[in-house]
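Comments concern the structure below.
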2 protein chains.
Amino acid sequence: MTKTKHLTQVFIAAALLMSVGLIVDALKTAHSETDSDWGPKWNAKGELILPSDYHTWIFLGSPLTPHSLNEGKAGFPEYHNVYIHPVAYQIYKKTGEFPEGTILLKELQLTLSGTNEDGSRVEASGRGFFPAQLNGIDISVKDSERFKDTNGWGFFNFGHHAPPYAETAAVAPKEACAGCHIANADNMVFKNFYAPILDAK
Amino acid sequence: MTKTKHLTQVFIAAALLMSVGLIVDALKTAHSETDSDWGPKWNAKGELILPSDYHTWIFLGSPLTPHSLNEGKAGFPEYHNVYIHPVAYQIYKKTGEFPEGTILLKELQLTLSGTNEDGSRVEASGRGFFPAQLNGIDISVKDSERFKDTNGWGFFNFGHHAPPYAETAAVAPKEACAGCHIANADNMVFKNFYAPILDAK
């Protein structure tokens, strides 16, 4: 065997080692994108940045409190479509607990205009309520340290109107959201409305 | 350099080559799972197999036709939570058309029992309707060849009751589902109810 052949083999082995290293790095990056980069994003002012991909998140349920049934004064008119981030959902399914960094996102959605006093109308499938214009976003974030004064959850309003919504939001005052969740919700989340899907086998 | 060292180097190089090959194969497999294996699955009898992961699909909207507003006779009582497969959704977002193999899945969900004649009740967020027990699944599949007699969509019932649902379903007779969609829906899909989320920017 010549010295040249020997060097060639060493070079090939080194190149292969580097390739494996690069591939392993690439896999690590892909892993971290799905496993750890999923939590809330904050800007320099400490405001929450609105996630851009929430329509691909996990739907948990849609309480419906139409204006028509609330003398036109529903706090959250119409459908509340509630979503959870997919990674938080996967962790919840394993542990039964919302992990730190869980985002629950509520998008409000108006109903098609009613033809009855209760706001309902008739479509091919019967009398009821039917989804229409999207109309606002509220978010709650679990962070036991950052929001220790409100039982570990912070609340954010991105606007109660048609899109586009605000791109960032400061945490809402305790009396605006957290107070009602502290008084009425099971451990800060109205989980009984979401349990049928969240806890489905 | 000894012959043993030489063989060791050749062995290491071969092992590294195999490792790279295995990693490349693994990446190819991961790719094909997300890119082409997303359509409907059929058993040997030509029945549709119920997807197992539909709670992670894209939520499109939830028409609500409660029994209480339909003299106890709603064809699809309560919430109809409608989902689309994520890959079909991504293709729709690019093309504006449901691709061949699109699955639209409707899971029925009862409401918490009402305290008013219209079936509504009062919770912290107001008077309205609130999600409760899951209660059935219907699926429609776009396949222009297989379902050419019903405008390219087939309809399947997996049970109108609490889970577990049927694991497979034969296509429903034309008069059971397709007829109503042919008569009432825009191109077979009640798209006006889903457009606010489906077509959101």
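Read the figures in this text as sums done on the coordinates, not as results from a lab. This structure is a prediction, so every number in the text was calculated from the model and none was measured. Neighbour counts run over all protein chains shown; Cβ positions are idealised from the backbone, glycine included.
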If you split all Cα-Cα distances of the stretch B:40-198 into 10 Å bins from zero, what percentages do you get per bin, shortest first? 10, 37, 36, 14, 3, 0
Enumerate the amide H contacts of A:Thr168 below 5 Å, restricted to partners 5 or more residues apart or on another chain; note that Pro and chain-start residues carry no placed amide H. A:Leu50
I'd like the Kirkwood hydrodynamic radius of the stretch B:84-125, using the inverse of the mean 1/r over distinct C-alpha pairs, in Å. 13.4
For the stretch A:40-198, what is the charge dipole size about the Cα centre, in debye to the nearest 20, if Lys and Arg each add +1 at the Cβ and Asp and Glu each add -1 at the Cβ? 260
Given a Förster distance of 45 angstrom, what is the FRET efficiency for B:Lys45 paired with A:Ala162, based on the Cβ-Cβ distance and rounded to 0.05? 0.40
Please rank A:Trp153, A:Trp42, fewest neighbouring Cβ atoms within 10 Å first, as an exposure proxy. A:Trp42, A:Trp153
Listed here are the pairs A:Lys191/B:Lys106; B:Lys41/B:Lys93; A:Lys142/A:Lys201; A:Lys191/B:Lys41; A:Lys106/B:Lys174; B:Lys93/B:Lys148; which of them are more than 31 Å apart at the Cα? A:Lys191/B:Lys41; A:Lys106/B:Lys174
Each label point is 7 Å from the Cα along the Cα-to-Cβ direction; what then is the distance between the points at B:Asn151 and A:Asp143, in nm? 4.9
Among A:Val82, B:Val122, rank each residue by its count of other Cβ atoms within 10 Å, from fewest to most, as a rough exposure measure. B:Val122, A:Val82
Note the full-extension length gain between A:Asn116 and A:Lys73 as 0.36 nm times their separation in residues minus their Cα-Cα distance, in nm to one decimal. 13.7 nm
Putting +1 on Lys and Arg Cβ atoms and -1 on Asp and Glu Cβ atoms, find which of B:Gly75, B:Gly96, B:Val122 reaches farthest to the positive end of the dipole of the stretch B:38-135. B:Gly96
Quick check: net charge around B:Gly159, other residues with Cβ under 13 Å of its Cβ, Lys/Arg +1 and Asp/Glu -1? -2
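Of the GluC sites (Glu not before Pro) in the stretch B:81-135, which ones lie in a loop per DSSP and count no more than 14 other C-beta atoms within 10 Å?
B:Glu97, B:Glu117
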